[in-house]
1. Output the pairs from 9/249; 6/95; 23/118; 249/285 with a Cα-Cα distance over 27 Å in this structure; if there are none, say none.
2. Taking the Cα centre of the range 1-45 as origin, sum charge times position over the Cβ atoms of Lys and Arg (+1) and Asp and Glu (-1), and report the length of that vector in debye to the nearest 20.
3. Would you mind working out the magnitude of the charge dipole of the range 15-75 relative to its Cα centre, with +1 at each Lys and Arg C-beta and -1 at each Asp and Glu C-beta, to the nearest 20 Debye?
4. Above 25 Å lies some portion of the pair distances; for the range 27-148, what is it as a whole percent of all C-alpha pairs?
5. Tell me the net charge near residue 194. Cut-off is 13 Å between Cβ atoms, residue 194 excluded, with +1 for each Lys or Arg and -1 for each Asp or Glu.
6. Rounded to the nearest whole Å³, what is the per residue volume of the convex hull around the Cα atoms of the range 204-251?
7. Taking the Cα centre of the chain as origin, work out the dipole magnitude from +1 charges on Lys and Arg Cβ and -1 charges on Asp and Glu Cβ, in debye rounded to 20.
8. Using Cα springs under 10 Å in a Gaussian network model of the chain, which residue among 153, 105, 262 shows the largest mean-square fluctuation?
Amino acid sequence: MKTTFKTEKINGVDIFYREAGDKSKPTLVLLHGYPTSSHMYRNLIQSLSHKYHLIAPDYPGYGRSEQPPMAEFEYTFDNFAKIITALLNKLDIQKYSLYLMDYGAPIGFRIASASPEKIDTLIVQNGCAYEEGLEAFWDPIKAYWADRNNKEAENTLRGFHDLNGLKWQYTHNVPDQSVISPDNWEIDLRHLERPENGAIQLALFYDYQTNVPLYPSWQQYFRDYQPEMLIVYGKDDYIFPGSGAEAFKKDVKNLEFHLFDAGHFALESHGEQISAIIDDFLDRKVLSV
């Protein structure tokens, strides 16, 4: 099934999204991480679109979505969740599975816990809902939370999305780095170099602290609703390590669990394996129901 590339005006902002598959089939909404875009799902969309309907939006300031000036738009996880919810409503998508990666996790868990009846399944790839998953990588971010004027912390955070930092995110702890396309960080860099985008990234690093107090409510959502959940994690990710994946076992009974010898962007090195696991999972949990 061909992928189409569309834009919708959502809450006054042009939101770009990729779409593929038959709209009458079960929908999988793909929420991307930092510092990338829906581009990270290009291969997964191709692999699954023969059986499922897929939507992959770019957040404001990411990918090909509009980047409103910071003076006119709140770059927060709460606001991103509102944008994605409004997009799904405008597209009349009322029942769906969510694929949550990195920043996609706090956005998606807000959406899922607010409307549990709309969720078919949750697929989590290197995204956090437990403090166990915030290890050493998060130390300079926590220092920035404590003091937004901490220039040492700020400079460290800026380094995560310069060219070297981007390449590191894609290749760190990947056993065979030759399978990772350099196009990934070159495309990300193109969008990150837009005027004011660096300040937007810092604002979201700072706002990430608003997610942590919500962890208990998301964990309660897991316990109360027991969503069907699939974990497909790069276990050697320095950003969201395997310990964060293990933590879901405390609360989710309907959990299928897969760790890969991969880093942060596990789809880049293990896309075929992950796609096959997702296909089997959705076939059993959604198509067969």
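1. Values: 9/249 39 Å; 6/95 21 Å; 23/118 16 Å; 249/285 19 Å.
Long pairs (Cα-Cα over 27 Å): 9/249.
2. Details: 7 positive and 4 negative charges, 26 e Å.
In debye, rounded to 20, the range 1-45 gives about 120.
3. On the way: 6 positive and 6 negative charges, 86 e Å.
Result for the range 15-75 is approximately 420 debye, rounded to the nearest 20.
4. The answer is 26 percent, as a whole percent.
5. Values: positive: 64, 190; negative: 58, 66, 188, 193, 196.
Cβ neighbours under 13 Å give a net charge of -3.
6. Given the Cα convex hull of the range 204-251, per-residue volume reads 93 Å³.
7. Rounded to the nearest 20 debye, it is 780 debye.
8. Evaluated over the chain, the most mobile residue of the options is 153.
The values are calculated or read from the model by the stated rules, or taken from the named source; none is laboratory data. Every value quoted in this text rests on a predicted model; they were computed, and no experiment measured them. Quick reminder, even Gly has a Cβ in these numbers, built from the backbone with ideal geometry, and neighbours come from all protein chains shown. Surface areas here come from the heavy atoms of the whole protein model, side chains and all, with no ligands, DNA or RNA. Shrake-Rupley method; radii C 1.70, N 1.55, O 1.52, S 1.80 Å.
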